[in-house]
Amino acid sequence: MRLFSEGVSLYLHVPFCVRKCPYCAFYSVPIKNRDVVREYLDALEVEALKWSKSRLCQYPIRTLYIGGGTPSILSVHEWERLKDILDQNFNLALLEEATVEANPGSINKELLNFWKGWRITRISIGCQSFDKGDLTILARPHSEVDATRAIELALERDFYVSCDLLFGLPGQTLRKWHKNLQTAVKSGVHHISCYELTLEEGTPWGDVPPKNIPQGYPFYRWAQYYLEKKGFEQYEIASFARSGLECKHNLGYWYRRNCIGIGPGAWGFVSGRRYKNVSSLKMYVSRLKEGRSVKQWSERLSDLSAALEVTMLGLRTRWGIDVMELEEMFGEKNAKEVFSRLENIPKHLIKRMPRKLTLTRQGMRVGNAIWQELIL
């Protein structure tokens, strides 16, 4: 099922933060001095140059996503260098969407003006909550006032704005969660991502879990009900958007579009092979200086494993999977195996049509249990 134009996506990882949040498993390091940023940009330029000579870069980049970390922690001067690296090594002439992640505490008018004057069309703001108590518990480096002000500034400059929110936080109540959703809707954002707090191994909270973590199901169910009522359509398990304003880059992930990932800790997917760069800035810089690969890991799935992955990713979205397309891609035998693993899923969780399978709203709520049926 093609939901986007032909071409390639590009993900760039900026591995810097003010400080690490206790729940965050994404690779990042605090900036101790600006020399480390210069070393990162020097190394990034070498990796980008290598990619620019690849066959894949004959195709235009359709979506760009600059994530982290905290990309908004870079200065305008550093952003100018980053811009030059991308413009000189990738074909961005047909870019349809360019997203940058930002934290409320580091957004400013100078940065917004620079992004507006370049190619950025969309800003994903990591608010996480508009509640002072939640933000204190999460050790976020911004206040609730910072969060609402960041959204205002981005909207004033006509960016498409997405807001990230977390639910299932220690001591969080449904009343607090409703107020967070209400604040996000009233702010005028175009897109809202709702993520349940997960305790990842290797994070402070993963090693020593906080107390009073509520069960996430009622929070998620309320988000589905309330956001749809307010004009936000759920187009992916964690994503809600105004009509036509879905994140194109993320759709590329769900439908396995080729995606080049650059930067330390970045993931990519090229010609059926998924890879991950080393999650160490020091190692990333040193390997590129030595002319070595920065890939830490890569794999190409078997036809059956790939068919199962396509099914799991497609079912994350409201468009689901195309039955005939799955057979054409992986053969009738592998498609039948996939469908046989879905036979025991209750009818109220999955909608079966002649050519398509999608999860119902109830199915979205128990997606993890459905994935377990597929991977057994």
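Within the chain, helices built from complete DSSP H runs that reach 24 Å or longer along their own axis (Cα positions) and carry a mean Kyte-Doolittle hydropathy of -1.0 or higher are 35-52. The 1.4 Å probe gives accessible areas that order T70, T360, largest first, as T360, T70. Unpaired Cys in the chain, meaning no second Cys C-beta under 4.7 Å: C17, C57, C127, C163, C194, C247, C259. Per-residue ellipticity at 222 nm computed for the chain from its helices equals -12000 deg cm²/dmol, with DSSP H segments shorter than 4 residues left out and the rest contributing -39,500 (n - 2.57). I want to verify a result. In a Gaussian network model of the chain, Cα cutoff 10 Å, which of these has the top mean-square fluctuation: P104, P141, P209? Looking only at P104, P141, P209, the largest GNM fluctuation is found for P209. Bridge orientation summary for the chain: considering DSSP beta bridges with both residues in this region, about 40 percent are antiparallel.
For the range 210-329, just say rounded, prolate or oblate: build the C-alpha gyration tensor, square-root its eigenvalues into a ≥ b ≥ c, call rounded for a/c under 1.5, and beyond that prolate if a/b exceeds b/c, oblate if not. Walk me through the intermediate numbers first.
Working: a/c = 2.24, a/b = 1.45, b/c = 1.54.
Oblate, because a/c is 1.5 or more while a/b does not exceed b/c.
The per residue volume of the convex hull around the alpha-carbon atoms of the chain is 142 Å³. What pairs in K176/K229; K83/K295; K32/K186; K83/K289 have C-alpha atoms more than 27 Å from each other? Among K176/K229; K83/K295; K32/K186; K83/K289, the Cα-Cα distance tops 27 Å for K32/K186. Under the shape rule built on the C-alpha gyration tensor, where the axes satisfy a ≥ b ≥ c, the range 21-107 is prolate, since a/c reaches at least 1.5 and a/b is greater than b/c.
Once you reduce the range 205-263 and the range 133-166 to the center of their Cα atoms, the two points are 17 Å from each other.
The values are calculated or read from the model by the stated rules, or taken from the named source; none is laboratory data. Just so it is clear, the structure is predicted and the values come from calculations on it, not from any experiment. Note that each Cβ is placed from the backbone with ideal geometry, even for glycine, and that neighbours are counted across all protein chains shown. Note: areas computed on protein heavy atoms with side chains; ligands, DNA, RNA excluded. Shrake-Rupley method; radii C 1.70, N 1.55, O 1.52, S 1.80 Å.
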